[in-house]
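Asker: Right, I'll just put the structure down here and ask away after.
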Number of protein chains: 2
Amino acid sequence: MIELYDLVGANDLRFSPFCWRTKAVLAYKKIPYTTVPIRFSDKDKLAFSGQDRVPVIKDAEAVVSDSWSIAKYLEDKQPEPKIFPGLGLREACRFFNLYVDRAVHAACFPLVVADIFAKVDPVDRTYFRTSREERLGVTLEAMAAKRAENRPRVQTVLSDLEATIAEQDYFFGVLTYADLCLFGSFKWITTVSEEPLFSSTPALQAWWSRMHERLGL
Amino acid sequence: MIELYDLVGANDLRFSPFCWRTKAVLAYKKIPYTTVPIRFSDKDKLAFSGQDRVPVIKDAEAVVSDSWSIAKYLEDKQPEPKIFPGLGLREACRFFNLYVDRAVHAACFPLVVADIFAKVDPVDRTYFRTSREERLGVTLEAMAAKRAENRPRVQTVLSDLEATIAEQDYFFGVLTYADLCLFGSFKWITTVSEEPLFSSTPALQAWWSRMHERLGL
């Protein structure tokens, strides 16, 4: 059975967007797996993978890291149902993945970073605070105080996504890795934060429900 | 023969990114056409189309406006070579189009707006200045003075595109409307500005040459 090394916070909370992408692919393909919980401070437990970031999967002798590489690995391992169901769609999904990492994460990170801090394992708190405050250039508390200022940027990105999904059930018409990738990123936000993410984007909200149904998650 | 209502500046310069998208599709499909030059102040000449923006095409009795609608119209009219060559690619191209309009145009507009002003027809100058300064919130001269400050944002977007195109010949692996759409936007910048757009993005530069060769433009 596949073992997924999965980021864990306090109270066994699983919130990594990248690990959620892998779980979404596994769920869509109905591939059974178990998880190995990894805290930020457990990075040495990933040494066998030759790098220090989750997700990592172990499948018998195979070890694959990075959510995009894992998606391609799982598509080769079990082609049906396909996550790249036609010509050009693997490349289109890779572009969409890049867009989500850049546009969606960049907009959402300042909004939810203090929420994540509240949910990480106590032993990870110092690492998380130090590394994230360095990235943000301000304290977590200062960023939390700017919540109202940070919302419009998220809403701008969501309204771009809304404009696309309002006309079709999935981002590329049919369900592809583009949907699974974005699903993972929204799982990150919704597992740590009370932000009413989809209150102004009804089509995105409907897609979000549709995805949970399709994936049984 | 198809008539394309095409934005024109001084000295017959054609620089609209949206008109270039249509010209790229026509060139790719080798559909013959003539153009009707339209200045910003000639908008009343588009009244027959029920709206006031270029591009518009007239194809016998058919009148189609909006570069995306025109692309779909031309794909139906003459399916080969396809600009949406497979399942999901029309939707993926639509998403890419939205990304280009939002991310690429938003980054490039402040950098090149003063260059565009220098190239519009003299009768359009007042309209262009007034409407663009309202959008920018500063004068064209003030924006031109910030050229060095505006460059990094463009380079960030270009480096995202570079990361995608570095691994394949076209944005979705095979040539699709995604390439034609982005080609149109880069034509907008390169026809009005001396900005060395691709100096730090060699793969994008190679794609740019490849596109000119494929389109014969």
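The values are calculated or read from the model by the stated rules, or taken from the named source; none is laboratory data. On a predicted model such as this, the values are computed, not experimentally measured, just so you know. Note that each Cβ is placed from the backbone with ideal geometry, even for glycine, and that neighbours are counted across all protein chains shown.
Asker: Determine which member of the set B:D169, B:D179 is within 14 Å of chain A (Cβ to nearest Cβ), part of a loop (DSSP other than H, G, I, E, B) and touching a residue at least 12 places away in the same chain (Cβ under 8 Å).
Answerer: Matching residue, one of B:D169, B:D179: B:D169.
Asker: Another question, then. Inside region B:126-160, can you point out the residues that are in contact with a Leu (Cβ under 8 Å, 6 or more places away or on another chain) and β-branched (V, I, T)?
Answerer: Answer for region B:126-160, where residues must be in contact with a Leu (Cβ under 8 Å, 6 or more places away or on another chain) and β-branched (V, I, T): just B:V154.
Asker: Which residues, taken from region A:182-196, are assigned to a loop (DSSP other than H, G, I, E, B) and either touching a helix residue (DSSP H, G or I) at 6+ places or on another chain (Cβ under 6 Å) or within 13 Å of A:D115 (Cα to Cα) (or both)?
Answerer: Answer for region A:182-196, where residues must be assigned to a loop (DSSP other than H, G, I, E, B) and either touching a helix residue (DSSP H, G or I) at 6+ places or on another chain (Cβ under 6 Å) or within 13 Å of A:D115 (Cα to Cα) (or both): A:S193, A:E194, A:E195.
Asker: Now for a separate question. What pairs can you find where one residue is in region B:125-137 and not assigned by TED's automatic domain parsing to the domain that holds B:V8, the other is among the small types (G, A, S), and their Cβ atoms are less than 7 Å apart, with a gap of 6+ or different chains?
Answerer: Note: pairs meeting the criteria are B:Y127/B:S41.
Asker: I need the full set of residues from region A:148-166 which are within 14 Å of another protein chain (Cβ to nearest Cβ) and in contact with a Pro (Cβ under 7 Å, 6 or more places away or on another chain), in order please.
Answerer: If the condition is that a residue be within 14 Å of another protein chain (Cβ to nearest Cβ) and in contact with a Pro (Cβ under 7 Å, 6 or more places away or on another chain), then no residue fits.
Asker: Within region A:32-54, restricting attention to residues that are aliphatic (A, V, I, L, M) and either assigned to a strand (DSSP E or B) or in contact with an Asp or Glu (Cβ under 7 Å, 6 or more places away or on another chain) (or both), which residue is nearest to A:V120 (Cα to Cα)?
Answerer: A:I38
Asker: Could you check, for region A:162-179, whether at least one of its residues is closer than 16 Å to A:A107 by Cα, modelled with pLDDT of 95 or more, polar (S, T, N, Q) and not assigned by TED's automatic domain parsing to the domain that holds A:C19?
Answerer: no
Asker: Find all pairs meeting these conditions: Cβ atoms under 9 angstrom apart; at least six residues apart or on different chains; first residue within region B:41-64 and in contact (Cβ under 8 Å) with a residue 60 or more places away in the chain; second residue outside any strand (DSSP E or B) and crowded, with 18+ Cβ neighbours inside 10 Å.
Answerer: Close Cβ pairs satisfying both conditions: B:S41/B:D121; B:S41/B:D124.
Asker: Would you be able to tell me the number of residues in region A:5-31 that are part of a loop (DSSP other than H, G, I, E, B) and without any contact (Cβ under 8 Å) to a residue 40 or more places away in the chain?
Answerer: Summing the residues that are part of a loop (DSSP other than H, G, I, E, B) and without any contact (Cβ under 8 Å) to a residue 40 or more places away in the chain in region A:5-31 gives 1.
Asker: I need the full set of residues from region B:75-92 which are closer than 20 Å to A:K82 by Cα and touching a Cys at 6+ places or on another chain (Cβ under 9 Å), in order please.
Answerer: B:F84, B:A92 - these are the residues of region B:75-92 that are closer than 20 Å to A:K82 by Cα and touching a Cys at 6+ places or on another chain (Cβ under 9 Å).
Asker: Now a separate question. Just checking, which of A:R94, A:R102 is within 12 Å of another protein chain (Cβ to nearest Cβ) and at pLDDT 95 or above?
Answerer: A:R94
Asker: Further question on the same structure: If you scan region B:172-209, which residues turn out to be among the charged types (D, E, K, R) and more than 15 Å from the chain's Cα centre (by Cα)?
Answerer: Matches in region B:172-209: B:E194, B:E195.
Asker: Taking region A:197-207 only, how many residues are surrounded by 19 or more Cβ atoms within 10 Å (Cβ to Cβ) and part of a helix (DSSP H, G or I)?
Answerer: Summing the residues that are surrounded by 19 or more Cβ atoms within 10 Å (Cβ to Cβ) and part of a helix (DSSP H, G or I) in region A:197-207 gives 2.
Asker: Could you pull out the residue among B:I70, B:I83 that is closer than 18 Å to B:R14 by Cβ and hydrophobic (A, V, I, L, M, F, W, C)?
Answerer: B:I70
Asker: Quick check on region B:88-103: of everything there that is free of Cβ contacts under 8 Å to residues at least 24 places away in the same chain and touching a helix residue (DSSP H, G or I) at 6+ places or on another chain (Cβ under 7 Å), which residue is farthest from B:G184 (Cα to Cα)?
Answerer: Restricting to residues being free of Cβ contacts under 8 Å to residues at least 24 places away in the same chain and touching a helix residue (DSSP H, G or I) at 6+ places or on another chain (Cβ under 7 Å), the top hit is B:G88.
Asker: Also, I was wondering about something else. Suppose the filter is aromatic (F, W, Y), crowded, with 17+ Cβ neighbours inside 10 Å and under 23 Å from B:A27 (Cα atoms); does B:F96 pass it?
Answerer: yes
Asker: Select, from A:D12, A:D44, the only residue that is within 23 Å of A:I189 (Cβ to Cβ), surrounded by fewer than 20 Cβ atoms within 10 Å (Cβ to Cβ) and of a type in the set (D, E).
Answerer: When all the criteria are applied, what remains is A:D12.
Asker: Additional query: Since B:A71 meets every condition but one in (1) within 22 Å of B:Y170 (Cβ to Cβ); (2) part of a strand (DSSP E or B), which condition does it not meet?
Answerer: (2)
Asker: Among the candidates A:I57, A:I116, A:I83, which residue alone is surrounded by 17 or more Cβ atoms within 10 Å (Cβ to Cβ), within 19 Å of the chain's Cα centre (by Cα), more than 9 Å from every other protein chain (Cβ to nearest Cβ) and part of a helix (DSSP H, G or I)?
Answerer: Result: A:I116 is the single residue among A:I57, A:I116, A:I83 that is surrounded by 17 or more Cβ atoms within 10 Å (Cβ to Cβ), within 19 Å of the chain's Cα centre (by Cα), more than 9 Å from every other protein chain (Cβ to nearest Cβ) and part of a helix (DSSP H, G or I).
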